[in-house]
Amino acid sequence: MPIHNSDVANIFNQVADLLDIEGANIFRIRAYRDAARTVKGLSKRVEDMVKEKEDLQELPGIGKDLAKKIEEIVETGSLEFLEEIKKRTNPELAKMLSISGLGPKKVSKINKELEVENLEQLQEAAEKHKIQELEGFGKKSEEKILKALKTKKEEAPRSKLISAEEIAEPLFEYLEDDENVDKIAFAGSYRRHKETVGDLDILVTSENPKEVMEHFTSYEDVENIQAKGKTKSTVILRSGFQVDLRVVEKESYGAALLYFTGSKAHNIKLRNLALDIDLKINEYGVFKNDDDKIAGKTEEEIYDIFDMPYIEPELREDRGEVEAAREGNLPDLITPDDIKGDLQAHSTHSDGRNSLQEMVKAAKERGYEYFAITDHSQSVRVANGLDEKRLGKEIDEIDKMNEKIDGIQILKSCEVDILKDGSLDLDDSILKELDFVLCAIHSYFDLSAEDQTRRILKAMDNKYFNILAHPTGRKIGERKPYDFDMEKIMEAAKERNCILEIDAHPVRLDINDHYAKMSKDMGVKISISTDAHAKNELAYMKYGVWQARRGWLEKDDVINTRKWKELEKIFKR
DNA sequence: GCCGTTTTCGGCCCGACTGTTTTCAGTCG
């Protein structure tokens with residue numbers, strides 16, 4: 001059975017939860033959580049690292065003990081230490097930690113004094129008003145627990161960035177309209193353009209924080225006010241989204257923005273740097289001798305104290321950006337304006353909702369120099385895929401359009417299916433007529449990692465193979481990536497001058513930020529394309545660029561920032 | 001449990017809000 005990085009992370013998080021309830025040393029618990037996060041965020045498979053006898057202790061936050069535990073998990077699929085804790089402490093108790101307002105101390109107390117072992121018994125105890133009798137609890141705590149139990153089932157998991165955007169933008173406008181609001185900005189993972197967003201963080205400067213809070217909590221979409229203070233409020237919107245609003249004075253704007261943008265790991269890194277030189281950072285500024293404020297108005301000013309240039313929010317994940325900044329090696333990140341054309345889009349010839357002409361017109365309006373039509377090939381029957389004959393007709397149609405149209409070049413392409421055995425779905429005789437060939441997997445997602453890797457490698461052997469589209473096949477919140485060896489695919493791509501795609505569709509965002517960084521480290525070029533099935537979806541490009549930025553990509557790492565003449569050379573592999 | 005151009009022991013980010021207290025612990029981000 002393959003052991004995924006997320007399996008290791010889950011085991012470590014379970015250990016942390018249970019140790020927490022047992023009241024273990026908080027820093028020991030943190031070590032497990034940090035390790036879980038490190039392993040989950042690796043672009044390499046920890047299973048492969050163990051097999052190749054790589055030194056796990058090189059990883060941040062992994063020492064002798066945790067390295068050994070990772071090896072044990074990889075080799076046996078489980079961790080004896082976790083099983084031991086489970087004998088002492090009921091693992092069901094960990095589920096109670098997900099109840100808002102219940103932490104390890106309270107769970108432990110409820111467990112010990114009321115003999116509550118699971119969520120059902122918790123509900124029963126609350127309904128019988130046993131909870132409010134406990135010391136440290138009261139009526140309100142009990143009501144809160146009951147309410148949380150009720151909504152738990154419909155609790156929203158992290159939302160896709162695009163869904164968050166739909167909620168965030170109108171709220172932003174509403175707040176902006178308040179005359180008491182001076183500066184306003186998003187912070188948190190939304191500002192870091194993470195592919196999923198847990199809650200929204202908004203930062204405001206104002207002379208009248210009380211009025212701002214009043215305005216915020218009376219927003220028409222607010223369903224529930226979780227907390228309302230002078231400087232901080234939390235609400236739940238009808239959509240289930242949690243929104244945190246913080247108000248600070250303008251002298252602290254930079255420090256607060258830095259702090260609330262996170263990531264948490266990035267912040268901790270900076271704070272530790274500060275401690276090294278006897279400074280203290282909090283959301284109000286950078287302080288010397290405890291109360292002597294030396295920075296805080298802008299983020300730039302704060303980074304400057306540590307001799308660092310401004311670090312873009314997308315990079316703030318503690319993946320080496322602080323070190324890179326200090327060494328002057330930060331990437332000059334790609335921007336949406338660098339994109340010269342879209343290399344994946346569909347028309348009504350296969351499963352698109354707009355005609356070829358409509359798609360091309362929309363691409364031209366976006367100011368692109370070139371635009372590829374990549375309708376599906378024949379074996380994707382549900383998408384009305386093209387056979388050689390129909391693709392031939394589309395090629396003729398595009399040739400005629402190119403003769404007539406000015407200012408944009410329409411590229412002839414096709415999203416060719418990679419069949420189960422690794423052969424391509426269309427004959428070479430037609431592939432050679434195309435400007436480039438996009439290849440993708442749309443079937444047999446559950447092959448073993450070995451077979452799936454072999455399948456893709458074989459497809460890449462075809463000299464007309466240019467771009468591997470949505471390489472992992474994952475759909476956020478819907479479908480896991482198929483199992484294969486990404487490192488081998490990247491090595492092969494580099495060897496054969498093949499390109500990996502960042503599919504910018506907000507549901508796909510495939511490859512993800514970790515793999516994007518890995519491709520950069522390995523010297524594999526990337527294309528960013530929208531996979532648009534309608535003309536309005538050409539606007540998805542920004543999500544792909546944001547993902548690329550999170551993967552440290554610069555203009556030069558992405559092929560469709562180049563002119564067609566240069567691109568043409570790349571495609572002749 | 002991890003980590004170290006002051007340390008192999010003794011630290012480990014920091015502050016707001018809530019609910020319960022009556023000065024604070026617990027939780028959260």
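A short reminder: the numbers here are calculations on the coordinates, not readings from a lab. Here the structure is a predicted model, which means the values were calculated and not measured. Here Cβ is always computed from backbone atoms with ideal geometry, including for glycine, and neighbour counts include all displayed protein chains.
Here are a few things to note about the model shown:
- Kirkwood hydrodynamic radius of chain A, Cα pairs, Å: 26.5 Å
- Cα centroid separation - the stretch A:309-373 against the stretch A:101-117, whole Å: 49 Å
- Contour excess over end-to-end distance, with Cα ends at A:Ala534 and A:Arg496 and 0.36 nm allotted per residue: 10.5 nm
- Long-range amide H partners of A:Glu554 with built H, under 5 Å: A:Ile334
- Neighbourhood charge, 11 Å Cβ-Cβ cut-off, centred on A:Gly77 and excluding it, Lys, Arg +1 and Asp, Glu -1: -4
- Ranking of A:Ile559, A:Ile184 by neighbouring Cβ atoms within 10 Å, starting from the fewest: A:Ile184, A:Ile559.
- C-alpha long axis of helix A:486-496 to longest principal axis of chain A, angle in °: 30 degrees
- In chain A the longest region clear of GluC sites (Glu not before Pro) that are loop-assigned by DSSP and have at most 12 other C-beta atoms within 10 Å covers A:328-477.
- Backbone HN-Hα couplings from phi across the stretch A:14-25 [Karplus 6.51/-1.76/1.60, Hz, Gly and Pro as x]: 5, 4, 4, 4, 6, 4, 4, 5, 6, x, 5, 4
- Sites A:Lys51 and A:Ser98, calculated FRET efficiency, Cβ-Cβ separation with R0 30 Å, nearest 0.05: 0.30
- Scattering curve values for the stretch A:159-248, log₁₀ I(q)/I(0), Debye with Cα scatterers, q = 0.23 Å⁻¹: -1.17
- Qualifying trypsin sites (Lys or Arg not before Pro) for the stretch A:437-469 [loop in DSSP, other Cβ within 10 Å: at most 14]: A:Lys463
- For chain A, adding -39500 (n - 2.57) for each run of n ≥ 4 DSSP H residues and dividing by the number of residues yields -13000 deg cm²/dmol at 222 nm.
- Per residue convex hull volume, Cα atoms of the stretch A:5-152, in Å³: 113 Å³
- Stretching the chain fully between A:Lys128 and A:Lys555 yields a gain of 147.5 nm (0.36 nm per residue, less the alpha carbon separation).
- Sequentially through the stretch A:499-515, phi angles give Karplus couplings (6.51, -1.76, 1.60; θ = phi - 60°) of 10, 9, 9, 9, 6, 7, 4, x, 7, 8, 6, 10, 7, 7, 4, 5, 5 Hz, Gly and Pro residues having no value and appearing as x.
- Projected label points at A:Glu358 and A:Asp276, each 7 Å from Cα along the beta carbon direction, are separated by 5.7 nanometres.
- Chain A: antiparallel DSSP beta bridges as a percent of all, rounded to 5: 50 percent
- In this simple spin-label model, placing a label point 7 Å from the Cα along the Cα-to-Cβ direction at both A:Glu176 and A:Gln409 gives a separation of 3.8 nm.
- Remark: the stretch A:465-479, residue by residue, has Karplus-estimated 3J(HN,Hα) of 5, 10, 10, 8, 7, 4, x, 9, x, 6, 10, 4, x, 10, 9 Hz, where x stands for each Gly or Pro and the curve is 6.51 cos²θ - 1.76 cosθ + 1.60 at θ = phi - 60°.
- Beta bridges by DSSP in the stretch A:159-248, antiparallel share as percent, to the nearest 5: 75 percent
- Residue order for A:His129, A:His505, fewest other beta carbons within 10 angstrom first, comes to A:His129, A:His505.
- Between A:Ser423 and A:Arg573, the modelled labels are 1.9 nm apart [label points 7 Å from Cα along Cα→Cβ].
- Gap separating the Cα centres of the stretch A:427-488 and the stretch A:507-573, nearest whole Å: 16 Å
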